[in-house]
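Engineer: I have a structure here, written as structure tokens, and I will follow up with some questions on it.
The values are calculated or read from the model by the stated rules, or taken from the named source; none is laboratory data. Note that this is a predicted model, so its numbers are computed, not measured. With ideal geometry, Cβ positions are generated from the backbone for all residues, glycine too; neighbour counts draw on all protein chains shown. Areas reflect the complete protein model, heavy atoms only, side chains present, ligands, DNA and RNA absent. Shrake-Rupley method; radii C 1.70, N 1.55, O 1.52, S 1.80 Å.
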Amino acid sequence: NLQKLEKQSEETSTALKGLGNNTKESADNMKKAEDALDTYNMKLVDIKNTAITVGKTATATAAGLIAAAIAVTESTEEYRRDFARLEQNTKTAGASIKDVTEELKALEALTNETDSSIEGLSNLLKTGFTGESLTQMVDQLSGAVIQFPDTLKIESLADSLQETLATSSATGQFAELLERLGLNLDIFNTGLEQCTSQTEKNQYALSILASTGLAEVNSEY
């Protein structure tokens, strides 16, 4: 009986050891399962964050594209309005829209500014420059912009030229141009006052500028 009890005790001890090993193995397996679940959850979080980032990026990109499209549309509409105004000034002056469009292309190539080019041409048309005289004046003023790019702008030159011829007194950037070319404003104004018509004034201004070589500067450019 003692031997039998000892044997049962040994078997029980062995069984307990096996149970302990199984329990440890189960615990290890449970730990692995928990680790795997944590990794899975972390990946879910990464995927969620990535989705949010992609969503924000896509939204920002879409917003940027929409803003760009709006800017292009507004720019196109503004160009159409400005060009329509130029067309009206061309008709009012009795000039050729084809000739004016060619001058606009030349000015845009020089200034890289459509609005200022249109403004400059509109002022010249209002002053009475058409056909050959328009081309000559554009060449002269373009040469001035090329020679003095620091301060002289085509629209300001054309605007001040218009006022100069209307008042028979050099003013604004046109007066600045004459002085920078070494011309005497009093002498220029005296000659301008002697003109009896707008056409004579326009031709007088052209002849004065022609003597300065500005057209050649534009041609060489």
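Engineer: So G131 fits all but one of (1) surrounded by fewer than 20 Cβ atoms within 10 Å (Cβ to Cβ); (2) over 26 Å from the mean Cα position of the chain (by Cα); (3) free of Cβ contacts under 8 Å to residues at least 60 places away in the same chain; (4) at negative phi; what number is the exception?
Structural biologist: (4)
Engineer: A follow-up question, please. Scan the stretch 127-176 for residues that are closer than 25 Å to E193 by Cβ, β-branched (V, I, T) and in a helix (DSSP H, G or I) and jot them down.
Structural biologist: T127, T164, T167
Engineer: I've got another one for you. Can you confirm whether T167 is free of Cβ contacts under 8 Å to residues at least 60 places away in the same chain, of a type outside the set (A, V, I, L, M) and exposed (fewer than 15 other Cβ atoms within 10 Å of the Cβ)?
Structural biologist: So T167 passes the test.
Engineer: Here are the criteria: (1) in a helix (DSSP H, G or I); (2) open to solvent by 60 Å² or more (accessible area, probe 1.4 Å). Tell me which single one T196 does not satisfy.
Structural biologist: Answer for T196: the failing condition is (1).
Engineer: Oh, and also: Would you mind telling me which numbered condition in (1) at pLDDT below 95; (2) open to solvent by less than 50 Å² (accessible area, probe 1.4 Å); (3) of a type in the set (S, T, N, Q) Q140 fails?
Structural biologist: (1) is the only condition that Q140 fails.
Engineer: Here's another thing I want to ask about it. Out of the residues in the stretch 199-216 meeting the condition of being open to solvent by less than 70 Å² (accessible area, probe 1.4 Å) and more than 19 Å from Q147 (Cα to Cα), tell me which one is nearest to the chain's Cα centre (by Cα).
Structural biologist: This residue is N202.
Engineer: Let me ask you something else. All but one of (1) free of Cβ contacts under 8 Å to residues at least 12 places away in the same chain; (2) open to solvent by less than 40 Å² (accessible area, probe 1.4 Å); (3) under 18 Å from A210 (Cα atoms) hold for L157; which doesn't?
Structural biologist: (1)
Engineer: So which of E179, E108 ends up being open to solvent by 80 Å² or more (accessible area, probe 1.4 Å), in a helix (DSSP H, G or I) and free of Cβ contacts under 8 Å to residues at least 24 places away in the same chain?
Structural biologist: Result of the check over E179, E108: E179.
Engineer: Here is a list: S133, S168. Which entry is closer than 24 Å to D99 by Cβ, out of contact with any His (no Cβ under 9 Å at 6 or more places or on another chain) and modelled with pLDDT of 95 or more?
Structural biologist: S133
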